[in-house]
Structure formats: C-alpha cells, structure tokens
Amino acid sequence: MSRTYRQLLVLVAIFISAWFAFSYISQSYFADKETKTIISLESEEKLASAIHSIILSEFDTINSPAANIVLDSILLRLQKGIDSARYTYNFTIIDNEQLNAFATLGGRIYIFKGLIEHSDNAEMLASVLAHEIGHIEHHDFENRLAKNIAISTVIAVATGGNETLISELSKSVLGSSYDRQQEAHADKFAMQLLEKVNIDPSALGVFFIKIKRLDNSNLDLEYFQSHPNTDSRIEKVANYRVDDDFNEIKFDSLQWNALADWVKNDVIFQ
Amino acid sequence: MDNEIKLPQPNEVSYKEKERAMASYFMMFASSTIGLPLPFFNLIASWIFYRYTSKTSQFVRFHSYQSMLSQLPITVFNTVIVFWTFNIVWGNFPMANENDLAPILEGFSSNYIGFAIVTALSNLIYIIFSVIAGAKAYKGRLYYFPYFGNIAFDHAFVNFKEFGKDEYVNTAPKL
C-alpha cells in the first residue's frame, strides 16, 4: 500500500509542478510581450519630438516657472521609484479646461490645466502622473501606434493610398483610448510606484471617485471618457493593500495651495 | 502475496472477456463524444459499464475498474476547466461595449492558461495510456497504469472473494 501512496504523491506533485510551471511560463510570456520595446530610444525620441510639434500646433501650452517647481517636485519623486530609468520624465502643461493627462513617447507627459484645477492636492495629481508613467513604462503608446500604422498601411494599400484617410488615421492614434487591460496594468503600476515613493496609493481611488462625481454633474470630462469602467478601477484601488511598514510622506501643501489658487484665479497662466 | 494469487493468463481469458476489457477503455471515446459539453458523462457511462461487467470475471473487473478510476482525475480537470471557462465568459457578459473583449481576456489569467495546458496534456497522456491498455486487454494481458493500476489490482485480485464463494453455505458437520 505504501507504494500506492508514493505513486499518488508523485502524480499529485507532477500535476502541481506542471500547473505552476505552465502558469509561470504563460505569465512571463505575456509580461515580455507587454514590456517589449519595439523601437530604439533614439528613434523614439525623434518620433516623440514629431508628435510634440503636432500637439503644439493643436493646443496652446503654458510655461510657468511657478507651476514647474511644483510639478517638477512631483515628477522627480515619482522618477526616484522607477528602477529601469529608461527615460527622464518631463511634462508640458496644456492650456485647456479638459480634465485629462496623457503620455506619448520618450517620457513625455502632457497635463491639461483642467486636471490641475480639479486635483485636490499634489498626491492626487501624482497618482494620475504615476498612471501615465505606467503607460510609458509598458510601451502602450508605441503598441497603439504600431497597431494604427498597421491598419493605416492595410487601408492605404486597399484604397490605393488615400492621403486624407491616412492622415486622419494617424491623428486617431492620439484620440483613441487604451484598452481595459492596459488601463488596469497602468493602474497597478501607479499604485506600486506611489507606495514606493511614500505617497498613499488611495489618492488614485479618490481621483476616480472625484471624476465619477463630476461626471454625474454633466461636465465634459475627457479623462473619464477615455478611461472607461471607473467602478471596477475604484474597487481595485480600494482592494490594494500597502505594506505594513509604509510611511506616507506628504508634499508641501503650501506650495500646492498656492498653485491651486493661481490656477483657480487664472493668474499664473496669464 | 502476489505469488499466491492466481492471475488469469491470456489463454485462459475468453474472447468475450477480452472484448469487454478492451471496451472498458474505448467506450470513453464514444461516451465523451456524446456528452461533450458535460465532461462527467463518460464517468457515469464508465461506472454503469463497471457495474454490469465487473461480476463476469476478474480480468474484466480489473480493466473496467482501472479505466473508471483513471477517468476520475481527468473528469475533475475537464469539469474544472469547462466551468472556469464558462465563469470567465458569462461572468463578464453582457459586455459594456460589444467590441470590448478585455475583461474576458483578462479572465484568462496565467493560472487558467497553466491549468488548461496541464488538462490538455493529462487528456493526451490518458488517451495514450487507454489505447495501450485497450490493445493489451484485447490480447488478454494485464496493463498497469501508475497508481490506478495498483488499486485496480488490489480491487480485482487481492481483496476479491471468488464469485459465488459466499454462496458456499453447506459445510461439513462440525466435529
């Protein structure tokens, strides 16, 4: 009988280890796909500059040293939590009331004035920036670009190179949103990054709740439209548990309040 | 102990017994095709087959019991994967937007994929073993699966009272 039990143990062990092994293999296979870089850093920078000039032609930007001090301090702190340091993150403030922020290539993040206006504190803004950094670190924009280029090429071939159509499609890269899985991964990245740099990750959840409330009051909220499924995202943030030794270090509220006042009164940007 | 047990040899096993023993393995191909959406269907079929044939001979009893036992884990794996898949697909249905397959794709986690691969491999190994065992049974041979072979052997030969032995109620007078 002991031989029978031994054989049973071996079979169970084989089953469990095979399950773990295949789970691990599939996990690392998908993780590799997610973080795979499709273009070199140099080409990425060139492409980022080209996209930057398109954005500059579409939107007015704001260059305010006072705002830069506050936003720089937030980005610098977030940057400290990133291990790979492939990019030096930088931001551009867009003079627009939309409650939105987006990231393109080469570590470039675009923050709409409306987002600063609606952020209660520096931690809330930091949580949105951490989410955008997540998209950059996961190369989401590159993948979206690659997908759109592939579609554009197919359409170009099919339509015999209709230029207007191709140019419209290229613009749609900036307009289209990420899929739910990319958003979920960026949220997870943001929460881990925030925890690492001693910012309470719940700030992201508070932000989602806020935009949900604002959406109910029928405001034109771009961020909400391009980032669907807010309820499940709030739930995921709520379920995130920080380590026991987590120690929150808040940003200088005086600086933030000054910035918020300036934004509200439209002083800083005039 | 094994030496004391008289095991049926190929020349002692009748053609009918060989056929029945082989059928105990091959019938699961037919039953699983009939009950495709329900993975436990072939287990029920196997149990019914065992119930009606196990008393005919020890040779058939061994093979049908081994076939039924070895189907147990496979059935459990298949049932788990079927319900897991249904849960992922129907759990995220209806979708917010008809093109939004992301929640369903998210549901197919690495644990799910790992389990699905193990299930597929287990089924493949099980089919290979069954075909070999079926072919051997048809030749009147015993074929032991790992683990299940031992249990089936004990069940059919070691812990087995000969057919009709309980019916020997007439004994010589006690002195």
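The values are calculated or read from the model by the stated rules, or taken from the named source; none is laboratory data. A quick note: this is a predicted structure, and the numbers were derived from the prediction, not measured. We place every Cβ from the backbone using ideal geometry, glycine too, and count neighbours over all the protein chains shown.
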Top-ranked residue in segment A:3-32 [being under 30 Å from A:A103 (Cα atoms) and within 12 Å of chain B (Cβ to nearest Cβ); ranked as modelled with the lowest pLDDT] | A:A31
Report, by residue number, each residue of segment A:175-212 that is of a type in the set (S, T, Y) and more than 14 Å from chain B (Cβ to nearest Cβ).
-> A:S202
Going through segment A:43-85 in order, the residues found to be surrounded by 14 or more Cβ atoms within 10 Å (Cβ to Cβ), part of a loop (DSSP other than H, G, I, E, B) and out of contact with any Leu (no Cβ under 6 Å at 6 or more places or on another chain) are A:F59, A:S64, A:I82
Modelled with pLDDT under 75 and of a type in the set (K, R) - does that describe any residue in segment A:72-85?
-> no
Kindly indicate the residue of segment B:117-147 that is in a helix (DSSP H, G or I) and at the interface with another protein chain (Cβ under 9 Å from one of its Cβ atoms) and also nearest to B:S14 (Cα to Cα) among those meeting that condition.
-> B:S122
Quick check: anything in segment B:143-150 touching an Asp or Glu at 6+ places or on another chain (Cβ under 9 Å) and either at pLDDT 70 or above or of a type in the set (K, R) (or both)?
-> no
Find the helices (runs of 4 or more DSSP H) located wholly in segment B:1-116 whose residues include 2 or more that are away from chain A (no Cβ under 14 Å), at pLDDT below 80 and out of contact with any strand residue (DSSP E or B) (no Cβ under 9 Å at 6 or more places or on another chain), and list them.
-> B:15-34, B:41-53, B:58-91
